[in-house]
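Notes to accompany the following structure.
Each reported figure results from applying straightforward, stated rules to the coordinates on display, with no laboratory input. Just so it is clear, the model here is predicted, and its values are computed rather than measured. We place every Cβ from the backbone using ideal geometry, glycine too, and count neighbours over all the protein chains shown.
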Amino acid sequence: MTETALDWQTLAREGEARAGVIRTRRGAIETPVFMPVGTLGSVKGVRFEALEAPDLDASIILGNTYHLWLRPGAEVVRACGGLHEFTGWPRAILTDSGGFQVFSLSDLRRVSENGVEFRSHVDGRLCFLSPEVSMEVQAALGSDIVMAFDECLPGRATHDAARASLELTARWARRSRVRFDELQRDGADAGQIQNADGVTGRQALFGIVQGATHLDLRRESLARTVEIGFDGYAIGGLSVGEEKEVMYETVEHVAPLMPAERPRYLMGVGTPEDLVECVARGVDMFDCVMPTRNGRNGQAFTSRGRLNIKNSRWTTDARPLDEPCACSVCRRHSRAYLRHLFMAGEMLAAVLLSHHNLAFFLDTMRRVRQAIRSGEFARFRREFLVRTGSGVE
RNA sequence: GCAGGGGUGGUCGAGUGGUUAAUGGCACCGGGCUGUAAACCCGGCGGGUUCACACCCUACGUAGGUUCGAAUCCUACCCCCUGCA
């Protein structure tokens, strides 16, 4: 009954870059992949139909343990059949464990060995999140990929602080693994799929490597995480304030050391350039709020760099956001119209920019996959960086 | 015509003798956003010279006046609103 939660197959390699397929209980995910972020069970401003349409065709999205736990609550989601059933999204979902909120809500929480005490940002009440609670919530959500509960430090954390944190994360990883296995065994997973032959598939669990930008600590964290054993491995704690070059160096050092037979996930990254650069360093999976958040805030990503739709220079510009882009927004609307919508505060502006940005990110990854498979990734990478750095006319 | 109220920077609106080129809001211009406390946040916003410090113009309906000093006080005029004729 319990088949492999997640099957990984490499289709092609070029340097450290890999093209492959992750098979989950909810379909195949071609990698390298970008996963749109849907924190609260919604990719902000984008309907699920749009996420499934050919111009986006997202194979997996994120959800967030901390946020869904506070609202509507894990048991509400369970009562509604798990997150897929609740939201109407049939494809794969990865849930973050709440570990990032240990970082992003640092003013509202206190970390101890046992877990993290949060002051809810919603109503101020005290909440306690631990590896066990995180696993229980993620079982109730029924996501296809569960993240271990970790502590995420600021990028410039000192060696001492990063060491202490990595050790805590390692202990939490083991507790996550133990509680996760119990929950699977007890059938607590709300995302199981029933078919004629019975229940198929189980949740997968990913471990997270920490250690800030200290390479020796990253290696140690990786070794301890692999020792526990996970279905996939993530690099956490990057793009949180450190220099970009340092981020690249850290990925370049760690990713190739990660188990080759498992998917590698760089959490929270990044810009389109970051995606290409980190694929080149051996990463398979990415997620980032940037396409949707920046879209809501008026910034479009294009093949020639970023474009701020608020700029007066677009007032009567009849061109689409990105001329080569085949997305439904670019096929239909001008910069002039999008600027007008944004300036007028119309919610459609945020919807359309978010859609286009996701299309750009997802299409970039499609091209990356294709390039790796055809052995042209090095050239693709070179040209992509030149083009996106050339500036929007 | 009489009585009362009022005319401030793109706009609305504070300010009623002295750090006032003039508080705020909006509009406008620009920037930021990386496992989402974000449809948010930050900066600029009379003109000119300057990399900058700084300096010089022009401004609170118009024109005069009082004063060391006026958006603020006085006089006249113009315009708007309300009420009475």
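For a paramagnetic label modelled on A:ALA12 (point 7 Å from Cα along Cα→Cβ), amide N atoms under 17 Å away belong, within the stretch A:360-385, to A:363-384. The simple spin-label model puts a point 7 Å past each Cα toward its Cβ; for A:LEU348 and A:GLU376 those points are separated by 3.8 nm. Note on chain A: with a GNM built from Cα contacts shorter than 10 Å, the maximum mean-square fluctuation among A:GLY124, A:GLY211, A:GLY295 falls on A:GLY124. Simple spin-label estimate for A:ALA161 and A:SER104 gives 2.0 nm between the two label positions (7 Å along the Cα-to-Cβ direction from each Cα).
If you take every residue apart from A:ILE61 with its C-beta less than 14 Å away from the C-beta of A:ILE61, what net charge results, scoring Lys and Arg +1 and Asp and Glu -1? Overall, the nearby charge balance is -2. Please compute the net charge surrounding A:SER120, taking Lys and Arg as +1 and Asp and Glu as -1 over other residues with Cβ under 12 Å from its Cβ. Computed value for this residue: +2.
Springs join every pair of Cα atoms under 10 Å in this Gaussian network model of chain A, and among A:ARG219, A:ARG313, A:ARG335 the largest mean-square fluctuation is at A:ARG313. Taking only Cα atoms, what is the 0 to 90° angle, nearest 10, from helix A:347-373's long axis to the longest principal axis of chain A? So the helix axis and the longest Cα principal axis differ by about 80 degrees. Take every Cα pair under 8 Å whose residues are at least 6 apart in sequence, average their separation, divide by the length of the stretch A:301-393, and the relative contact order is 38 percent.
Ordering A:LEU108, A:LEU129 from the fewest to the most neighbouring beta carbons within 10 Å gives A:LEU108, A:LEU129.
Note on chain A: helix-only mean residue ellipticity at 222 nm, from DSSP H runs of 4+ residues weighted -39500 (n - 2.57) and normalised by residue number, equals -12000 deg cm²/dmol. Here chain A is treated with +1 on each Lys and Arg Cβ and -1 on each Asp and Glu Cβ, and its dipole about the Cα centre works out to around 920 debye. Projected onto planes of every orientation and averaged, the convex hull of the alpha-carbon atoms in the stretch A:105-219 covers 8.5 nm².
Note on chain A: Rg/Rh from Cα positions, Kirkwood definition for Rh, rounded to two decimals, is 0.96. Calculated FRET efficiency, A:ALA196 and A:TYR248, Cβ-Cβ r, R0 41 Å, to nearest 0.05? It comes out at approximately 0.25.
If you build a Gaussian network model of chain A, linking Cα atoms that sit under 10 Å apart, which residue out of A:MET290, A:MET347, A:MET267 swings the most? Maximum among the listed residues: A:MET347.
Selection among A:SER97, A:LEU126, A:VAL116 by position relative to the dipole of the stretch A:93-138 gives A:LEU126 as farthest towards the positive end (Cβ unit charges, Cα centre).
Once the Cβ-Cβ distance between A:ARG331 and A:ASN308 is put in as r, and R0 is 22 Å, what FRET efficiency do you end up with, to the nearest 0.05?
Numbers: r = 22 Å, r/R0 = 0.99.
So the FRET efficiency works out to roughly 0.50.
Packing, as the average of other Cβ atoms within 10 Å across residues, places the peptides A:363-370, A:75-82, A:96-103 in the order A:96-103, A:363-370, A:75-82, highest first. Take the Cα of A:ARG293, step 7 Å toward its Cβ, do the same at A:SER390, and the gap between the two points is 3.0 nm. In terms of surrounding Cβ atoms within a 10 Å radius of their Cβ, A:ILE145, A:ILE193 rank from fewest to most as A:ILE193, A:ILE145. Remark on A:VAL209: its backbone amide H falls under 5 Å from those of A:ALA234, A:ILE235, A:GLY236, a criterion applied only to residues 5 or more positions apart or on other chains, H modelled at 1.01 Å from N.
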